[in-house]
Amino acid sequence: MIEFPSKFFWGAATSSYQVEGNNINSDWWQWEQRVGLKERSGEACRHYQFYKEDFNIAKQLGHNAHRLSVEWSRIEPRENNFSEQELRHYLEVIDCLKAQGIEPIVTLHHFTNPLWFVESGGWLGKRSAEYFLGYVEKVVSVLCGRVSFWVTINEPMVYVYHAYILGIWPPQEKSFFKARKVIENLISAHLKAYRLIHAIYQKNNLARPMVSIAKNMQAFQPCGRSLRNKLAARLRDKLFNFDFINKLIRRSALDFIGINYYSRALVDVRGWRISNLLLDVCQDNHSRLKKNSLGWDIYPQGLSELLLKLKRYNLPIFILENGICTDDDTQRWDFIYAHLKSLSLAINQGAHILGYIYWSLIDNYEWDKGFAPRFGLIEIDYANFKRTPRESAWKLAKVCQTARLNGNDG
Ligand code: BGC
């Protein structure tokens, strides 16, 4: 039997665009229509209407925390034009969580942008951080009395990788030069937002909030013994996993480290060019590990390995996403069980962990992959939007309620 700290946050995450539906003022919405994406977000999970029902289930599942995002394009559909109605909506959403005794962890940017922002140059624009700040100021001023945990930006490097290097997400750029610029602007946006959030709390005589980002981390491993693969794996670990965090920590702009962990990446490069070193992935199926339904390796040890590397920063760590898409719910529980074991190993070796948030509370819109990947603790029947908690959700509920992990049978 494994015991977790008695004071620990347990819960699950969602992001506005993936669950709410009808985010028509967002760049993603426009892009889905323009490129004729096969599966478009449409009504998504109708979480905008059904959030109460979803949070009631979260409560029954023993969750005491929930990570959600607020949608910039709803709150500021036109530049400097804030929707009081949408702000009220998010106030009600947060109040609903608080009434259930569930701690809200609020993300301000989760991959999507308002159309007007993108038309002004998006994250490449000189004024991008400034625009973001206008929105942050409004949202935080409205929600500050109720929220203690803020995540400014979700997975900045994943966003940059998909949208500015691979070019498979809007705005579909493929340029290292532009990617670098966007990274600089995202760093600047976080630094400014971090200071602004703290200033708003101070001005309102509120207790100091905890502010961070959600950093996706992958366990990069070389294929075989080749020196080139080893160097490339080390380079990616540095550039993808640590550089962004290092820059923020150097400026004292993280109160905790938020991490999202899913998988390992096998590195097998076919040349010495920078694009080879940074982008080539293993094509030869060297991995014998089990995979999720998107083909990602399941590698629970990676979680404790990364957590132990993060110990050197002496900051508390929050697992803000960890999860699996699968059509086999037994596999989901096996995944959760193995990752909780790995997490407890890191805790026993001195990692200071605030909590564990599973991705995701409900099945949802997995971006360009559509609705097929099922990440939810709660199943969504898209024909009638019926919610049904899965067996794995009840098994995890026992852990949330007792802070104990028994045998793999739950
Ligand atoms: C993102 C989510 C996404 C999940 C599964 C994370 O990278 O924050 O938006 O659905 O991974 O791919």
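The values are calculated or read from the model by the stated rules, or taken from the named source; none is laboratory data. The structure presented is a predicted model; accordingly, all values stated were derived computationally and were not measured. Neighbour counts are summed over all protein chains in view; Cβ atoms, including those assigned to glycine, are modelled from backbone coordinates with ideal geometry. Ligands, DNA and RNA are excluded from the accessible area calculation, which covers all protein heavy atoms including side chains. Shrake-Rupley method; radii C 1.70, N 1.55, O 1.52, S 1.80 Å.
A few comments on the model shown:
- Filter result for Trp394 (of a type outside the set (Asp, Glu), in contact (Cβ under 8 Å) with a residue 12 or more places away in the chain and within 30 Å of Trp29 (Cα to Cα)): no
- Every condition in (1) touching a residue at least 60 places away in the same chain (Cβ under 8 Å); (2) under 14 Å from Asn364 (Cβ atoms); (3) touching a strand residue (DSSP E or B) at 6+ places or on another chain (Cβ under 8 Å) is met by Asp27 except one, and the failing one is (2).
- Enumeration of residues in the range 282-306 that are within 16 Å of the ligand (Cβ to nearest atom), in a loop (DSSP other than H, G, I, E, B) and either within 23 Å of Leu343 (Cα to Cα) or over 18 Å from the mean Cα position of the chain (by Cα) (or both): Asn292, Ser293, Gly295, Trp296, Ile298, Tyr299
- Filtering the range 307-335 to residues that are within 15 Å of the ligand (Cβ to nearest atom) and either assigned to a helix (DSSP H, G or I) or under 20 Å from Leu266 (Cα atoms) (or both) leaves Asn322, Gly323, Ile324, Cys325, Arg332, Phe335.
- Here is the figure for the range 167-181: residues that are open to solvent by less than 60 Å² (accessible area, probe 1.4 Å) and free of Cβ contacts under 8 Å to residues at least 60 places away in the same chain total 4.
- First in the range 268-297 and touching a residue at least 40 places away in the same chain (Cβ under 8 Å), second anywhere and of a type in the set (S, T, N, Q) and outside any helix (DSSP H, G or I), Cβ under 8 Å, 6 or more apart: Asp268/Gln283; Asn292/Ser263; Asn292/Thr326; Ser293/Thr326
- For the range 358-377, a residue qualifies if it is near the ligand (Cβ under 8 Å from one of its atoms), surrounded by fewer than 24 Cβ atoms within 10 Å (Cβ to Cβ) and part of a loop (DSSP other than H, G, I, E, B), and the qualifying residues are Glu366, Pro373.
- Residue among Lys98, Lys38 that alone is out of contact with any helix residue (DSSP H, G or I) (no Cβ under 8 Å at 6 or more places or on another chain) and either outside any helix (DSSP H, G or I) or aliphatic (A, V, I, L, M) (or both): Lys38
- Residue that is most open to solvent (accessible area, probe 1.4 Å), among those in the range 268-281 that are assigned to a helix (DSSP H, G or I) and hydrophobic (A, V, I, L, M, F, W, C): Ile274
- Of the residues making up the range 347-357, just one is without any contact (Cβ under 8 Å) to a residue 60 or more places away in the chain and either open to solvent by less than 10 Å² (accessible area, probe 1.4 Å) or within 12 Å of the ligand (Cβ to nearest atom) (or both), namely Ala351.
- Some residue of the range 274-288 being out of contact with any strand residue (DSSP E or B) (no Cβ under 9 Å at 6 or more places or on another chain), among the β-branched types (Val, Ile, Thr) and farther than 30 Å from Lys192 by Cα: yes
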